[in-house]
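Here the structure is laid out as C-alpha cells; the discussion comes afterwards.
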Amino acid sequence: MDKNNLSEFIIEKGLFIMAIFSIIIIFLIISFVLLEGLPAFEDYGFFQFIFGLTWAPNDSQYGVFAMIIGSICVTLLAMLMAVPLSLLCAIFMAEVAPSKVRKILKPVIETLSGIPSVVYGFFGLIVLVPIIRENFGGTGFSMFTASLILAVMVLPTIITLSQDSLRSVPHEYREASLGLGATNWQTIKNIIFPAALPGIITSIILGMGRAIGETLAVIMVAGNVVQIPNSIFDPVRTLTANIAIEMGYATGLHYNALFGTGIVLFIIIIGLLVVANYIQHKYKVDVGGGYL
Amino acid sequence: MNRIEVKDLNVYFGDAHILKDINTEIAKNTVTALIGPSGCGKSTFIRTLNRMNDLIPNFRHEGDVYLDGKDIYNPKMDVVDLRKKIGMVFQKPNPFPKSIFENVAYGLRIHGVSDNDKLNQRVEESLKSAALWDEVKDKLDNSAMGLSGGQQQRLCIARTIANNPEVILMDEPCSALDPISTTKIEDLIHKLKTEYTIIIVTHNMQQATRVSKYTSFFLNGEIIESNLTDKIFIDPKNKKTEDYITGRFG
C-alpha cells in the first residue's frame, strides 16, 4: 500500500469509527432514559401517567397531562408569534434586501442563536415579567411570558432555514415569472414562496422542536405551577421544566417518573422530526403535482 | 414597418462594456436570428429589449430602444406592461412547478383574468398555438415537471403566447433539446411568425437559415453585419462574418 492509499484508508476508517461512536452514544442515552423511565409506566400505569391530572410526588401521584398541555400550549403560542415574523423576515432577507443589508442581517440573526438560554431567561425575568404583571395582571410569570421568550429564541432557526430554502428556488423560476410581466411581489407570492414551502415547513417544525425542548429560559419565567392553564396569563409547567426542577431530589418512583416525562418529550420531538422528514421527502420527489 | 428600433445602444455591467453602439431595426412579424460566438452579447442584447437586465445590480445603458415608437427605457414606461408585450423564452425550459394548466394560466391570472371560461379558452388556444394541445389535453392538471424537455419548452412558449405579446424573444430555445424536439420548435416558429415578431438567439447556423428572414452577426459586443438571412449566409459582406459562418472561429 503506498502512502496516499494508506492515508485514505486511515481517514476513511477514522471517520467511520467516529460516526459509529456518536451513534453508540446516542443509542446509550436513549436506552438509559428508557430503562429508567419505563418502570414509571409499569408501576404507575401508562394511561394514568399520560392522562393523570395530578402531579404530587409526596402523594405518589404522577400524572403529567397538565405538563403535556403546558408544553404544547407554550410551544404553539410561541410559534403563533414567531412564524409570521420570521417568514416575513426571511422573505425580506432572501428577496427584497440589497446584498449589503443581507450581509449585515445574516450574522446578526445567527448571533441570536448563540446567546445562551439563561441570558434569554434572565432578560425575561427582569424585563418581561414586570411588564406583563403591570399590564395584564397576575404575577407576570405566565405561559405568555414563556412563549414570548421562546418566540425570540426560535427566530434564528426559522429565519435562517426558510431563507436558505427561499434562496435555493431556481433563479429560472424568478426570471420566467418576471418575464411574463409579474411584479416582484406576485413572483414571490405565487412562485417562490410555494416552491420553497416544503423547506419552510421543515424550518417551522425544527423551530417547534427547539421550543418544546427549551428548559432553562422557560423555568425562569413560566411560573411552573402544575395546572392546565385557563388563560395565557396563567402560570404553566412544561415537561422539560418538570424534569429540571425536581431531578435534584427525586428518588424511587418519583425518579422514574421524571425519566418517564423525558420519554414523553422524546416521543413528541421524534414525532415532529418524522413529520418534517416526511414533508421534505414527499415534496422533493414531485414538486407540487399541480397543487403548490 | 419596424417593431423595434435600437439607436446607439451601449450596455455596461459595472466596468465591462458589453454592447457597443448597437443600431438595428427589427421588422414586424418576421423572424430575426442573432448569431455569434459565446459571450458576444447576443443574450444581453435581447434581455435589454424586455428590460430583464434591470435585475442585474450593476447594469447601465446608454442610447434608446423603441418599441412601436415608444422609448422602453423612458422612466414612465411600465415594465410590467412592457414584459407582457415582449415575451421571453429561455435557454433552459423553465416551467413553474405547477400544473400544465396553471403554467399557461399564470400570465393571465397575474394580469387580472379570473373568469374560468376565459382562462380555459385562452389556455386551450395558447396550447394549440404552441402545438402542444394534443399531447397534454388529457392531463392539464398534471405537473409540468413530468413533461419531456421539448414539451416543457413548448409549454413555455404557450405560456408566453397566452399573454398575447407582440414580440417573442427566444434565447437559444433549442440548445437543451434533442433534434426531434428542435424540429418541432422550428416548425412552431414558422407558424408563429405570421402573428408575432420573433427574435431568436442561436448558436446553430443551420437553424438560423431555416427559421429566420433576417440575421444579425454579433462579435465582441458589436453588430458586425445585419442583412437578409439568405444574403448573409451566401454572400457575407464582412470578412469576419464570412470567417464565422464558414466555421473558421467561434
Discussion item. Using a Cα-Cα cut-off of under 26 Å, which lysines could be cross-linked to A:LYS282, ignoring same-chain neighbours fewer than 8 residues away?
Written reply: A:LYS189, B:LYS92, B:LYS98, B:LYS139
Worksheet, complete the sentence: Long-range alpha-carbon pairs in the range B:46-176, meaning those over 26 Å apart, account in percent for 27 percent
Worksheet item: Does the range A:13-134 come out rounded, prolate or oblate by the C-alpha gyration tensor, with a ≥ b ≥ c the root eigenvalues, rounded set by a/c under 1.5 and, if not, prolate when a/b is larger than b/c and oblate if not?
Response: oblate
Practice prompt. Determine Rg/Rh for chain B; Rg is computed over alpha-carbon atoms and Rh is the Kirkwood hydrodynamic estimate from the same atoms.
Written response: 0.97
Worksheet item: Once amide H atoms are placed 1.01 Å from N in the peptide plane, what residues at a sequence separation of 5 or more from A:TYR62, or on another chain, have their amide H within under 5 Å of its amide H?
Response: A:ALA56
Discussion item. I need the helices of chain A that pass two filters: whole DSSP H segments spanning 30 Å or more by Cα along the axis, and mean Kyte-Doolittle score no lower than -0.5.
Written reply: A:3-44, A:65-91, A:143-167, A:252-285
Item to complete: Tabulate in residue order the Karplus-calculated ³J(HN,Hα) for the range B:211-223, using 6.51 cos²θ - 1.76 cosθ + 1.60 with θ = phi - 60°, rounded to whole Hz; enter x for Gly and Pro.
Response: 9, 9, 9, 10, 9, 10, 9, 9, 8, 6, x, 10, 8
Fill in: Charge dipole magnitude, Cβ of K and R +1, D and E -1 - the protein assembly as shown, Cα centre, debye nearest 20
940 debye
Worksheet entry | Percent of Cα pairs exceeding the 21 Å cut-off, where the set is the range A:49-285 | 61 percent
Item to complete: Restricting to the protein assembly as shown, compute how many DSSP beta bridges are antiparallel as a %, nearest 5.
Response: 60 percent
Worksheet entry | Under-5 Å amide H pairs with B:PHE96, H placed in peptide plane, nonlocal only | none
Worksheet item: Arranged by the count of other C-beta atoms within 10 angstrom, fewest first, what order do B:LYS118, B:LYS76, B:LYS213 take?
Response: B:LYS76, B:LYS118, B:LYS213
Worksheet, complete the sentence: Any lysines whose Cα falls less than 23 Å from that of B:LYS239, other than same-chain ones fewer than 8 residues away, would be B:LYS20, B:LYS42, B:LYS213, B:LYS231
Worksheet item: Given 10 Å bins starting at zero, what is the percent of C-alpha pairs of the range A:26-83 in each, up to the one with the largest pair distance?
Response: 21, 34, 31, 13, 0
Fill in: Derived scalar couplings ³J(HN,Hα) [the range A:224-237; Karplus, 6.51 cos²θ - 1.76 cosθ + 1.60; whole Hz; x for Gly, Pro]
6, 7, 7, 7, 7, x, 8, 9, 6, 9, 7, x, 9, 10
Worksheet, complete the sentence: Counting sequence-distant residues (5 or more places) and residues on other chains, those with an amide H built under 5 Å from that of A:ALA97 are none
Item to complete: Please give the per residue volume of the convex hull enclosing the alpha carbon atoms of the protein assembly as shown, rounded to a whole number of Å³.
Response: 244 Å³
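Taken together, the values in this text are just the output of simple stated rules run on the coordinates, not laboratory data. Since the model is a prediction, treat every value here as computed from it, not as a measurement. Here Cβ is always computed from backbone atoms with ideal geometry, including for glycine, and neighbour counts include all displayed protein chains.
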